[in-house]
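The values are calculated or read from the model by the stated rules, or taken from the named source; none is laboratory data. Keep in mind it's a predicted model, so treat the numbers as computed, not measured. Neighbour counts are summed over all protein chains in view; Cβ atoms, including those assigned to glycine, are modelled from backbone coordinates with ideal geometry. For accessibility, only protein heavy atoms count, side chains too; no ligands or nucleic acids. Shrake-Rupley method; radii C 1.70, N 1.55, O 1.52, S 1.80 Å.
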Amino acid sequence: MMLRSVQQHLGPRDGGSSRCRAVHASSTGEAAVLDVFDPHFHLFDPVGVHNGKRSDGSSFVAYHQPDYEQDMGARMPAGFRHVGGCWVEAMSVCFTSLDAPALQQHCLLEAAFVATELKRSSLEYVLCASACLEDPSVSETLQQLVKSHPGMRAIRQIANVSPDWPRNGRLGNLVRQAQWRAGYEQLARFGLGFDLQCNPWQLESYVEEVVAPNPAVPCVLNHLGLPLLAELSTPDRAAVYWKGMDALARCPHGAQFPTSCWSALAA
């Protein structure tokens, strides 16, 4: 299998070619090198940015661009080369007591921190930041993110409820909120996609109510939809999961990305 970037969403906005490609064997018989573009990684600054709590109540541990690239380099087997990746936000699970307008400022701060970190690297990176789509003024946040960071490609706002990820115990099921759905529609104005992370029982409703009606917003599903082994091994619960996955697969702008962020596996 060959890991390759989804050119129309990861490539430079000026239409240039992406560096994320496989370098094939040359005529001299040199062994091929496979470029690896990491589709989902995080950076953490627990002092300046991530001084909220993780979903399990623990504190974030510092993890910066040099730490990440050192780890990736150490894990690359022979014949593979790390060339970049898509950073994914963590802010949508932080600061559970803040309302949307207050949290937006932290979303902007997180994106600025990561952009500054990644500019120090010679590798190719894109950004998937967070924003509170339920905020009536979310377009201002989206505009600032896109204007400030040319590598911005998508927004993630974790949607898991019952069981809840931290903020959603208070916010509830976002797809049922008209203002949140309106915020989702705003993504198309700024050329942004959406990273969807939800529980299996939520997936079908998210696909039918926001993904399918918004074909101009490419949607990727995080972590294969987060199915638990108990769900996959119980026929009734497995049917709910697969029904949601089938609904996503029928969306041309979602089926390209069935597993994770902004990359695809191809033979």
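The table below lists the values:
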| item | result |
| --- | --- |
| Nonlocal amide H pairs with His40, under 5 Å, H built at 1.01 Å | Cys86 |
| Calculated from backbone phi, Karplus (6.51, -1.76, 1.60) coupling profile of region 231-240 in Hz, x at Gly/Pro | 6, 6, 9, 10, x, 5, 6, 5, 4, 5 |
| In Hz, Karplus ³J(HN,Hα) per residue of region 98-114 (6.51, -1.76, 1.60; θ = phi - 60°; x = Gly, Pro) | 7, 7, 4, x, 6, 6, 3, 5, 5, 4, 5, 5, 4, 4, 5, 4, 5 |
| Per-residue ³J(HN,Hα) for region 174-179, Karplus 6.51 cos²θ - 1.76 cosθ + 1.60, θ = phi - 60°, Hz, x for Gly and Pro | 4, 5, 7, 9, 4, 5 |
| Nearest-10 value in Å² for the accessible area of Tyr68, using the 1.4 Å probe | 10 Å² |
| Rounded to the nearest 20 debye, dipole of region 130-182 from Cβ charges on Lys, Arg, Asp, Glu | 120 debye |
| Share of carbon and sulfur in the accessible heavy-atom surface of region 39-88 [1.4 Å probe, %] | 54 percent |
| Under-5 Å amide H pairs with Asp35, H placed in peptide plane, nonlocal only | Arg21, Ala22, Val23, Arg81 |
| Most to least accessible of Thr116, Thr141, Thr234 (protein chains only, probe 1.4 Å) | Thr116, Thr234, Thr141 |
| Calculated FRET value between Ala249 and Val47, using beta carbons and R₀ = 35 Å, to 0.05 | 0.25 |
| Mean projection area, nm², convex hull over Cα of region 86-184 | 6.0 nm² |
